[in-house]
1. Longer than 20 Å from Cα to Cα, which of LYS34/LYS91; LYS68/LYS91; LYS43/LYS68; LYS62/LYS91; LYS24/LYS62; LYS23/LYS68 are they? Say none if no pair is.
2. Helix-only mean residue ellipticity at 222 nm, the chain, DSSP H runs n ≥ 4 weighted -39,500 (n - 2.57), per residue, nearest 500. What is it?
3. Given a Förster radius of 22 Å and the C-beta distance between LYS34 and LEU82 as r, what FRET efficiency does 1/(1 + (r/R0)^6) yield to the nearest 0.05?
4. Hey, can you find the accessible area per residue of segment 16-141 for me, probe 1.4 Å, expressed in square angstrom?
5. With angles folded into 0 to 90 degrees, how steeply does helix 105-138 sit against the dominant principal axis of the chain? Use alpha carbons for both and round to 10.
6. What angle, in degrees between 0 and 90 and rounded to the nearest 10, separates the Cα long axis of helix 13-24 from the longest principal axis of the Cα atoms of the chain?
7. Given labels modelled 7 Å from the Cα in the Cβ direction, how far is it in nm from LEU57 to GLU25?
8. Ignoring any ligand, DNA or RNA, what whole percent of the accessible area of the chain comes from carbon and sulfur when the probe is 1.4 angstrom?
Amino acid sequence: MRSVKEKLLENDFGAYLYDLRCKKEYTIEELVEKIGMDNVRLKNIRKWEHDLEFPNLDQMYKLSEIYKVPIEVLMQVRTQTLEEGLKGVHKELIRLLSYILGFSIYGMLILCYIIIFATFIYAIWFFIDATETVRQNSGIS
């Protein structure tokens, strides 16, 4: 059975590129040098890895050569990402926040779950506190 990470990588082009870069142990700066194109900068790599933009065909071929991955695989993952539509606005928001804050997408997902959980706990506490206040003001014990 495939892991959650494998399932994410097959439908998430940015995460797939990030995973490839990490496996080769390249920094973003090293990857920019290896690509060697004037129109590829650090911000482009970051945007690709956060699915905020996609590389053009020439850049895809260069990535294919660098990572030693068939271009067909890169194109398939990219197409699947586009077809999935990234499943709504919440993923786009997570990607944007991860890009702005400099977190990995996985780290940002965990942070979002923590925030949602904390908000849920606070809502329960607020509801309990509000009902106790109403009871005290109405004289009900």
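The values are calculated or read from the model by the stated rules, or taken from the named source; none is laboratory data. Values in this document were obtained by computation on a predicted structure and should not be read as measured data. Heads up, the Cβs are rebuilt from the backbone with ideal geometry, glycines too, and the neighbour counts pull from every protein chain shown. We work out accessible area using only protein heavy atoms, side chains counted, and drop any ligands, DNA or RNA first. Shrake-Rupley method; radii C 1.70, N 1.55, O 1.52, S 1.80 Å.
1. Cα-Cα > 20 Å for LYS34/LYS91; LYS68/LYS91; LYS43/LYS68; LYS62/LYS91; rest within.
2. -24000 deg cm²/dmol
3. That gives a FRET efficiency of 0.30.
4. On a per-residue basis, segment 16-141 sits at 68 Å².
5. The angle comes out at about 10 degrees.
6. Tilt relative to the chain: about 60 degrees.
7. Output for this residue pair reads 3.6 nm.
8. After summing per-atom areas, the C and S share lands at 61 percent.
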